[in-house]
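First the structure, in the form of structure tokens, and then the observations on it.
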Amino acid sequence: MSQEVSHIRPGGSETRGAIAALVVAAGQGLRAGQPLPKQFARWRGKPVVRHSVAAFAAAGCNPILVMIPEGAEAAAQEALAGIEGVRLATGGATRQQSVAQGLEVLAGFAPGAVLIHDAARPIVPGHVLERLLEALQRRSGAIPVLPVVDSLTHAGPDDLMGSPAAREKLRRVQTPQAFRFDAILAAHRAWQGTLDAGDDAQVASASGMEIALVEGDETLHKLTYASDFAASLPLVRVGTGYDVHRLEEGEELWLCGIRIEHTHGLSGHSDADVAIHALVDAMLGAIGAGDIGQHFPPSEARWKGAASDRFLAHAGSLVAEAGYALGNADVTIICEAPKIGPHREAMRARLAEILGVDITSISVKATTTEKLGFTGRREGIAAQAAVSLTRV
């Protein structure tokens, strides 16, 4: 059951938490080339903002306040549903204003420390959090940084090279940034900058806070351009599946979504369509989403006698959510009887219909085991499947 994510405003007071997280997701992300703000676009199969929020939840941060654009409650609810301790608030016109408003909301929880993070950095390594919080034992604030490895220069007039910059003294600043809560709240309340602050360390430094530098991580890369999304997934993924069901009298025989007249049918909790089950496992395996038993447990009564086309349609939707489309599927049915040849084209057409793909993407084959083993003795039917997925 998905947990409702509440939308709160400054002035509320709830349970005290030692470490809060404030995730800034109130921008529009126009440079990313996505059809919606990049924090809600999918990256590696999930909305961008969900990655970091889930990491903070796993680290025990509570509350986790996510600053969102005005009117984005529905998108945020969908992106973050089910994550414990998440709350939403509307951000301001600038990043600094969004953080300042978020800190005022968090003041009602009286946290001892806060981690302030940009939602566009989806990966939050646990070891970076540990370094930040350890540094807070000695300083009022701590930020993750990385060295500059490229040569640097100042740009002169007419795009001509100017004087060189000393890269040895420069660092690339990342988020999350950690602060003792009362100190960063006071710093934002006192901020007099005429321009939007690039990060909270600038606000903190302007108030006289000492900011510790800790080692960051390249995985904290910020998603900025369309190429960042295009490169986030492998071009192709593959998966395989295998399933077996027993043949019994009195059961219907379903293969590849087609009912076949036969003396025996396949026995199972659902309609026991062994070919579809193998194909579902292949598709789930290709995206790392477990197996059919995890999604449709045989222990649940609601799947008793269920048509397996529901399972295949679900696998197809998960593939799409992960950012992929079916390249091709190859299904092999292993049995002595019935003969598969007369039904092959109808099977291909039915699988293609369920998955919403062209029939040319589907192959159905059959073979025997030369009367060896349980399939050779006509005790059951086996099926194996292989699929390729292509990045969309």
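Overview of results
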| quantity | calculated |
| --- | --- |
| Matching residues in region 264-284 - criterion: being at pLDDT 95 or above and out of contact with any Leu (no Cβ under 8 Å at 6 or more places or on another chain) | His277, Ala278, Asp281, Ala282 |
| Answer from Val319, Val357 - the residue that is out of contact with any Gly (no Cβ under 8 Å at 6 or more places or on another chain) and surrounded by 19 or more Cβ atoms within 10 Å (Cβ to Cβ) | Val319 |
| Test: Pro69 is closer than 16 Å to Arg121 by Cβ and in the same structural domain as Ala20 (by TED's automatic domain parsing) | no |
| Number of the exception - Ala382 against (1) under 21 Å from Gly239 (Cβ atoms); (2) in contact with a strand residue (DSSP E or B) (Cβ under 8 Å, 6 or more places away or on another chain); (3) in a helix (DSSP H, G or I) | (3) |
| Filter result (touching a residue at least 60 places away in the same chain (Cβ under 8 Å), part of a loop (DSSP other than H, G, I, E, B) and surrounded by fewer than 19 Cβ atoms within 10 Å (Cβ to Cβ)) within region 231-241 | Ser232, Pro234, Leu235 |
| Any hit, region 158-174, residues being surrounded by 20 or more Cβ atoms within 10 Å (Cβ to Cβ), touching a residue at least 24 places away in the same chain (Cβ under 8 Å) and either assigned to a loop (DSSP other than H, G, I, E, B) or at positive phi (or both) | yes |
| Pick from region 175-214, criterion more than 35 Å from the chain's Cα centre (by Cα) and part of a loop (DSSP other than H, G, I, E, B), ranking: surrounded by the fewest Cβ atoms within 10 Å (Cβ to Cβ) | Thr194 |
| Filtered residues of region 117-144 (kept if surrounded by 14 or more Cβ atoms within 10 Å (Cβ to Cβ) and more than 19 Å from Leu22 (Cα to Cα)) | Arg139 |
| Near pairs, Cβ below 6 angstrom, 6+ apart or cross-chain, from region 356-378 (on the phi < 0 side of the Ramachandran plot) to any residue that is polar (S, T, N, Q) and surrounded by fewer than 17 Cβ atoms within 10 Å (Cβ to Cβ) | Ser361/Asn328; Thr375/Thr369; Gly376/Thr369 |
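The values are calculated or read from the model by the stated rules, or taken from the named source; none is laboratory data. Values in this document were obtained by computation on a predicted structure and should not be read as measured data. Note that each Cβ is placed from the backbone with ideal geometry, even for glycine, and that neighbours are counted across all protein chains shown.
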